[in-house]
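Enquirer: The following block contains the structure, expressed as structure tokens.
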Amino acid sequence: MTDCIFCKIANKEIPSDIVYEDDKIIAFKDVSPQSPVHILVIPKKHIGSLNDLDEEDTSLIGDIFKIIKKLAKDMGVDEEGYRVVNNCGELGGQTVHHIHFHLMGGRKFSWPPG
Ligand code: AMP
């Protein structure tokens with residue numbers, strides 16, 4: 001999608017602080033971190049939100065969670081714990097309409113979320 005900021009990051013049209021990349025997935029530091037570790041993990045192909053997932057995306061989402069597990073270990077937050085967030089739609093708080101998973105760690109998170 002030409003006007004999608006995360007597609008532009010995936011295509012290296014705009015800079016980002018990339019921490020992981022393969023042929024289907026890219027992970028980069030959130031530009032406005034809300035915790036000491038705050039990484040966004042996205043598929044390179046444009047999927048608008050969780051609502052737009054197809055049956056064929058099942059293994060892609062599984063791979064994203066494998067990368068999240070690896071990154072949590074690499075960032076040193078696996079043992080103390082971390083949070084994975086997907087915001088979907090307006091009430092879910094989604095502001096970038098390319099599906100992404102926040103990997104957040106390095107501080108205590110409260111529940112319920114705001
Ligand atoms: P969400 O509110 O779940 O859609 O999250 C979007 C996230 O993308 C926010 O945490 C933003 O700080 C982050 N973000 C927006 N633009 C960029 C960018 N160019 N590079 C890195 N993170 C970004």
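The values are calculated or read from the model by the stated rules, or taken from the named source; none is laboratory data. Treat the numbers as computed from the prediction; the structure is a model and nothing was measured. With ideal geometry, Cβ positions are generated from the backbone for all residues, glycine too; neighbour counts draw on all protein chains shown.
Enquirer: For the stretch 25-72: of the residues being in a loop (DSSP other than H, G, I, E, B) and among the β-branched types (Val, Ile, Thr), which is nearest to Ile99 (Cα to Cα)? So that I can check it myself, show each step before the final result.
Expert: Of the residues in the stretch 25-72, the ones in a loop (DSSP other than H, G, I, E, B) are 30-36, 44-49, 53-54.
From the residues that got through so far, the ones that are among the β-branched types (Val, Ile, Thr) too are 31, 47.
Details: Val31: 16, Ile47: 6 Å.
My answer is Ile47.
Enquirer: Quick check: anything in the stretch 38-58 of a type in the set (Asp, Glu) and within 13 Å of the chain's Cα centre (by Cα)? Quick ask: steps written out before the conclusion?
Expert: Of the stretch 38-58, the ones of a type in the set (Asp, Glu) are 52, 54-57.
Narrowing further to those that are within 13 Å of the chain's Cα centre (by Cα): none.
Checked against the condition, which is being of a type in the set (Asp, Glu) and within 13 Å of the chain's Cα centre (by Cα), the stretch 38-58 yields no hits at all.
Enquirer: I would also like to ask the following. List the number of the failed condition for Lys108; all other conditions in (1) in a loop (DSSP other than H, G, I, E, B); (2) in contact (Cβ under 8 Å) with a residue 60 or more places away in the chain hold.
Expert: (2)
Enquirer: Out of everything in the stretch 73-91 that is of a type outside the set (Gly, Ala, Ser) and assigned to a loop (DSSP other than H, G, I, E, B), what residue ends up being surrounded by the most Cβ atoms within 10 Å (Cβ to Cβ)? Reasoning before the result, please.
Expert: So in the stretch 73-91, the residues of a type outside the set (Gly, Ala, Ser) come out as 73-75, 77-80, 82-88, 90-91.
Within this subset, residues satisfying the condition of being assigned to a loop (DSSP other than H, G, I, E, B) are 75, 77-80, 86-88.
Values: Met75: 17, Val77: 20, Asp78: 14, Glu79: 8, Glu80: 11, Asn86: 15, Asn87: 17, Cys88: 14.
Once the filter is applied, the top-ranked residue is Val77.
Enquirer: Related question: Within the stretch 1-10, take every residue that is away from the ligand (no atom under 12 Å from the Cβ) and without any contact (Cβ under 8 Å) to a residue 12 or more places away in the chain and give me the one that is farthest from Val96 (Cα to Cα). Don't jump to the end; show me each part of the working.
Expert: Keep residues of the stretch 1-10 that are away from the ligand (no atom under 12 Å from the Cβ), which gives 1-3.
Checking the rest, the ones that are also without any contact (Cβ under 8 Å) to a residue 12 or more places away in the chain come to 2-3.
Numbers: Thr2: 14, Asp3: 11 Å.
This residue is Thr2.
Enquirer: Among the residues in the stretch 92-99, are any away from the ligand (no atom under 16 Å from the Cβ), in contact with a Gly (Cβ under 6 Å, 6 or more places away or on another chain), under 18 Å from Asp30 (Cα atoms) and in a loop (DSSP other than H, G, I, E, B)?
Expert: Just the residues of the stretch 92-99 that are away from the ligand (no atom under 16 Å from the Cβ), to begin with: none.
No: zero hits.
Enquirer: Here are Gly62, Gly48: which of them is at pLDDT 95 or above and either hydroxyl-bearing (Ser, Thr, Tyr) or surrounded by fewer than 12 Cβ atoms within 10 Å (Cβ to Cβ) (or both)? Break it down into steps so the answer makes sense when it comes.
Expert: Numbers: Gly48 fails: either hydroxyl-bearing (Ser, Thr, Tyr) or surrounded by fewer than 12 Cβ atoms within 10 Å (Cβ to Cβ) (or both).
Just a single option satisfies the conditions, and that option is Gly62.
Enquirer: Which of the residues belonging to the stretch 22-37 are within 8 Å of the ligand (Cβ to nearest atom) and crowded, with 18+ Cβ neighbours inside 10 Å?
Expert: Scanning the stretch 22-37 gives a single hit, Phe28.
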